[in-house]
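Notes follow once the structure below has been shown.
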Amino acid sequence: MESTPAQPLTSRPKVPDDPKSGAFASLRRLTPFIRPYRVQMILMTLSALGATLVGVAVPLLTKDLIDGPIAHHDKAALWPLGGLVLLFGVAEATLFWLRRWFLQRAALGIEADIRNAFYRHLQKLPVAFHDSWQSGQLVSRVSGDINSLRRFFGFALIFLVVNGATFLLVGGALVFIHAVMGLIIYAAAVPLILYGRLADRRYHRQSRAAQDQAGDVATLVEESALGIRAVKAFGRQDLLFARFDERAQTLRRLELTKIRTLSELWAVFAAQPQLVLSLCVLIGAYAVSTGALSLGTLVAFISLYLTLLWPIESMAWLMAQSQEANSAAERVLEVLDTVPNIADAAATVRPRPASAGELVFEDVSFTYPNSDRPVISGFDLRVAPGETVALVGPTGCGKTTLTALVPRLYDATAGRVLVDGVDVRDLPLAELRRKVACAFEDPTLFSASVRENLTMGVPDASEEQIEEAIEVAQAGFVNELPWALDTRVGEQGLTLSGGQRQRVALARAVLGRPSILVLDDPLSALDIHTEGKVEEALHSVLRGTTGLVVAHRPSTVLLADRVVLLTPPGPRGTTIAAVGTHQELLRTCPAYRDILSQTSDLVEEELAEVSR
Ligand SMILES: Nc1ncnc2c1ncn2[C@@H]1O[C@H](COP(=O)(O)OP(=O)(O)OP(=O)(O)O)[C@@H](O)[C@H]1O
């Protein structure tokens, strides 16, 4: 046995995993996503900063214009200064354009990278994760929340930096022009900052609640879209609408509380600089009247201060945007931080290349993560290479659960599942899933072509292999579709009938001749005629493979060499009630006869034959 190095659990940039509390803790943890775009981010910030600097220079030039050429009626000196103002205007526009240009590269790139990492990580998370998360919560995170992050990285972050620099620069210039008035402006900023922090915290809580509620609304929409047939058939549109309306109204209420906080924040941030401005005008006018200040200096001071009005006002919105992005980052990280506990072991083991396909359950027990009652308890079974075993048992006893342990959709909570003598947890996942193919009772197809659906597990399958799999699954109907194998099936394959979907899923499972074939009642939706044909073909496939088949009907049981009868579901979990061939169990096991006779009269006839 040869060991292979561990594969990384995720292929996203490594996010630091010590979530420090405090403002923007979650956003700070996303910095690895910014790193590849740092040059563009720096250029974007420099362009924005440059544009602001140029904007600040204009009032200073105005001061020189008023106190110089205008005061001294010096027309000749007017033109160069006027030209300079025009030049600065053009420079500001160019820098603005440059910022937008860099923004496209950086912010959109960051957004795409986070979205890809999120989706890739979702694919790695185990089925148990998806059992406990509403799909709408995931959809809202991948769309709404990641959009918020783009807006933050492409706009709010840049302007927080630019505004910070502007405050320092313009503030310094104001103190330089007139120390008293300059210091008044600084002092007046203190209560504003304190209030901003308080309102910000409130906005953060409100954003989080609204984002979670948006996820709930998305879940309901998705659920009703997927279940539209049942909704219509039972005439439940009104009921669902009432439920949707309730959630949508809650979302509206939460958004309104956000808007209230933002309006309050905005009003305070708009009013404060106006008050300070009035104060400065009063003090300045008095100083000019006493001759302590030149008119040019007052105009420059006021003009310069006016350049601060928008940065101060916009801080309300920028802070709100940042809080919204921080809670969006929190929600995205909740998924990215979930460790895919069904992953390759630290040291994986490569199975023998020409492995035969032996499957062993060794004292296996299993409890679902969201439950405290075991479904399977102390289950022991060896399926020899090439042998087919049918699992038969009352409904809900855990047949599907047992099959899910083989490809590691779930891991046994106790005991081991071994493939060719190796614990499935020690096999590389890719290898395990190449060896084990599954067809589920409820076949899931994707909105892609039939060919893409068929070759999901074996992307490089040849035309002959595809045709052979279609033949085995009696899925020849796919060649009659308008574009044959290139026909797209609708979302979840809903443009096909249940039986057609099952046959495509079966062909997908047998394609590539896996060494172990796990079939969960794969023929349940087929008519008797097709079922017979599929069974015939499956017989030949199963001869060369190890098979574990969940069977509800005698016809499916007949595919198997041996049958395992499971005990009914109970508080201590299901285990094996009896093992034997179909005929042996028919003869010796009343519980087995009972279960099969519920689905077919054939049992009575067979029993009569067996006992003859
Ligand atoms: N994701 C899940 N989370 C919690 N419990 C689950 C989950 N899936 C199934 N169960 C429970 O596990 C038990 C076994 O379910 P399972 O689907 O394995 O039974 P089954 O024998 O295949 O049933 P059937 O013959 O009706 O298909 C049931 O009680 C079911 O409610």
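Below, the figures for the structure above:
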quantity	calculated
Residue satisfying condition, being within 30 Å of the chain's Cα centre (by Cα) and within 16 Å of the ligand (Cβ to nearest atom), within set T403, T455, T395	T403
Residue in the range 196-218 that is more than 20 Å from G144 (Cβ to Cβ), in the same structural domain as V139 (by TED's automatic domain parsing) and touching a Gly at 6+ places or on another chain (Cβ under 8 Å) present	no
Any chance Q502 is in contact (Cβ under 8 Å) with a residue 60 or more places away in the chain, of a type in the set (S, T, N, Q) and either in contact with a Cys (Cβ under 9 Å, 6 or more places away or on another chain) or away from the ligand (no atom under 16 Å from the Cβ) (or both)	no
Scope the range 567-586; condition within 13 Å of the ligand (Cβ to nearest atom) and either outside the structural domain of P374 (by TED's automatic domain parsing) or among the acidic types (D, E) (or both); matching residues	none
V90, sole failed condition from (1) loosely packed, with under 12 Cβ neighbours inside 10 Å; (2) within 30 Å of L30 (Cα to Cα)	(2)
Wholly within the range 147-249, helices (runs of 4 or more DSSP H) carrying at least 1 residues that are in contact with a Ser or Thr (Cβ under 8 Å, 6 or more places away or on another chain), crowded, with 20+ Cβ neighbours inside 10 Å and of a type in the set (A, V, I, L, M)	157-177, 179-226
Number of the exception - A414 against (1) surrounded by fewer than 18 Cβ atoms within 10 Å (Cβ to Cβ); (2) at pLDDT below 90; (3) not β-branched (V, I, T)	(2)
Conditions (1) within 27 Å of T581 (Cβ to Cβ); (2) within 16 Å of the ligand (Cβ to nearest atom); number of the one not met by T413	(1)
Residues (part of a helix (DSSP H, G or I) and within 16 Å of the ligand (Cβ to nearest atom)) located in the range 534-554	P554
Candidate set: the range 505-525, residues that are within 25 Å of Y592 (Cα to Cα) and touching a residue at least 40 places away in the same chain (Cβ under 8 Å); chosen: the one farthest from the ligand (Cβ to nearest atom)	L517
Qualifying position, being within 10 Å of the ligand (Cβ to nearest atom) and in the same structural domain as L596 (by TED's automatic domain parsing), among S377, S371	S371
Among (1) crowded, with 17+ Cβ neighbours inside 10 Å; (2) within 30 Å of V162 (Cα to Cα); (3) within 24 Å of the chain's Cα centre (by Cα) - the single one E255 does not satisfy	(1)
Residue tally, condition farther than 11 Å from A316 by Cβ and out of contact with any helix residue (DSSP H, G or I) (no Cβ under 6 Å at 6 or more places or on another chain), over the range 251-270	5
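Residue-wise test of (1) within 30 Å of D216 (Cα to Cα); (2) free of Cβ contacts under 8 Å to residues at least 40 places away in the same chain.
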| position | (1), (2) |
| --- | --- |
| F241 | yes, yes |
| R253 | yes, yes |
| T257 | yes, no |
| R260 | yes, yes |
| W266 | yes, no |
| A271 | no, yes |
| V281 | no, yes |
| L293 | no, no |
| Y305 | no, no |
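The values are calculated or read from the model by the stated rules, or taken from the named source; none is laboratory data. From a predicted model like this one, the values you see are computed outputs, not experimental measurements. Backbone-built Cβ (ideal geometry, glycine too); neighbour counts: all protein chains shown.
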